[in-house]
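A quick write-up on the structure given underneath.
The values are calculated or read from the model by the stated rules, or taken from the named source; none is laboratory data. Please read all numbers here as calculations on a predicted model, not as lab measurements. So basically every Cβ, Gly included, is an ideal-geometry build from the backbone, and we count neighbours across all protein chains shown.
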2 protein chains.
Amino acid sequence: MEREDVGQVSSKRVYNGRVISLDVDEVRFPDGSIGSLEMVRHPGASAIVPVLGAVDDPDPELVLIRQYRYAAEQYLYEIPAGRLDPGETPVVCASRELLEETGYRATEVTKLFTMYTTPGFTDEKIHLFMASGLVPGEHKREADEFMELVPTRLSRALSMIERGEIQDAKTALALLYTAGFRLG
Amino acid sequence: MEREDVGQVSSKRVYNGRVISLDVDEVRFPDGSIGSLEMVRHPGASAIVPVLGAVDDPDPELVLIRQYRYAAEQYLYEIPAGRLDPGETPVVCASRELLEETGYRATEVTKLFTMYTTPGFTDEKIHLFMASGLVPGEHKREADEFMELVPTRLSRALSMIERGEIQDAKTALALLYTAGFRLG
């Protein structure tokens, strides 16, 4: 029998930021006890696997992005992604980020998965999509020093996960989900 | 040609917490520009897939945990996991969390993957492992209202990912990695 009264007792904002905010909340747990939790509040994000080849190709070419990540103190391979704008739906965000980061428009966008990135300390959810039927946009994006486009076969991307060369959670999860449940 | 001088210019701690801390850092980016980033500092964590059945079983039974997560305002299915203690190695942490959360000791622990949970705003890394040859510990853990043990076949766990019933990133990634590269 699960308690109905679990959850927030009180909330105190300790930092109000540009991207994230931090609350320290009093929370009632399932055993009735009350404890304090640090909770990073985030608006949520979308990420999208860009499939360059035909979706019935058993090993289609994808577009990965290689970008500098301060948090990791290195360049990471990722899929296009970004935060939801206020009022923006996840699918619109995914298509917008695809265009902004790769220069491609998608003919078809399908939902893959929604993940809690790390629910011990943040409410951030990332909505994962797959884009196919890619058409170059009017203003094709040029690679810059922040973000390099890396066309990569699905089989090669999976090898990069297996070997730990892809380290970003949303990217590894979206690619494994795509390989397991959508392609191949 | 990548710049050598990317990274931290200065750092200001704005919140010093029990689990996480928050810095606002000035960062030099690959194009030479300097910007401000909110960065949640986390000690890192380990998570472990407990394989109850034989590893040569094509569809072994695993131990999932169903636990209340305030961040998600719901119960989530997860694998055993927890933060690194000071000075603790990831593999020791994984075995400790396995015992604490499930009551099992592992005869064999193998490394799967290390993931950046969400590198846009935190340096948290989770180290993923697989445990096999499980032996009940001296004090077998009883289920409580926080955390319920849910023995689940691998094939069923994969269906739960496909249908969105598993929503935790480390859990979905560890299970897909296990299915793709270690078992089956």
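Just a few scattered comments:
- Among the residues of the range B:34-59, those that are in a loop (DSSP other than H, G, I, E, B) and not charged (D, E, K, R) comprise B:His42, B:Pro43, B:Gly44, B:Leu52, B:Gly53, B:Ala54, B:Val55, B:Pro58.
- Taken as a whole, the structure places A:Asp85 among residues that are more than 14 Å from chain B (Cβ to nearest Cβ) and either modelled with pLDDT of 95 or more or surrounded by 15 or more Cβ atoms within 10 Å (Cβ to Cβ) (or both).
- Residue check for B:Leu62: surrounded by 15 or more Cβ atoms within 10 Å (Cβ to Cβ), without any contact (Cβ under 8 Å) to a residue 60 or more places away in the chain and in a strand (DSSP E or B): no
- Total residues in the range A:126-136 satisfying the condition of being surrounded by fewer than 22 Cβ atoms within 10 Å (Cβ to Cβ) and within 21 Å of A:Thr171 (Cβ to Cβ): the figure is 2.
- So A:Ser46, is it out of contact with any Gly (no Cβ under 8 Å at 6 or more places or on another chain) and among the polar types (S, T, N, Q): no
- Any hit, the range A:161-170, residues being over 17 Å from A:Pro60 (Cα atoms), over 16 Å from the mean Cα position of the chain (by Cα) and not in a loop (DSSP other than H, G, I, E, B): yes
- Checklist (1) farther than 28 Å from B:Val27 by Cβ; (2) small (Gly, Ala, Ser); (3) at the interface with chain B (Cβ under 7 Å from one of its Cβ atoms) applied to A:Gly32, failing item: (3)
- Taken across the range B:90-101, residues that are loosely packed, with under 15 Cβ neighbours inside 10 Å and either among the hydrophobic types (A, V, I, L, M, F, W, C) or within 28 Å of A:Gln74 (Cβ to Cβ) (or both) do occur, with at least one present.
- In the range A:81-93, the residues that are part of a helix (DSSP H, G or I) reach residues that are among the aliphatic types (A, V, I, L, M) with C-beta atoms within less than 7 angstrom, at least six apart or across chains, in these pairs: A:Pro90/A:Leu84; A:Val91/A:Val109; A:Cys93/A:Leu84.
- Screening B:Lys125 with (1) within 14 Å of another protein chain (Cβ to nearest Cβ); (2) out of contact with any Lys or Arg (no Cβ under 8 Å at 6 or more places or on another chain); (3) modelled with pLDDT under 95 gives one miss only, at (3).
- Taken as a whole, the condition of being assigned to a loop (DSSP other than H, G, I, E, B) and touching a strand residue (DSSP E or B) at 6+ places or on another chain (Cβ under 8 Å) does not apply to A:Asp31.
- Members of the range B:1-24 found to be more than 7 Å from chain A (Cβ to nearest Cβ) and either in contact (Cβ under 8 Å) with a residue 60 or more places away in the chain or not in a loop (DSSP other than H, G, I, E, B) (or both), listed by number: B:Gln8, B:Val9, B:Ser10, B:Ser11, B:Lys12, B:Arg13, B:Asn16, B:Ser21, B:Asp23, B:Val24
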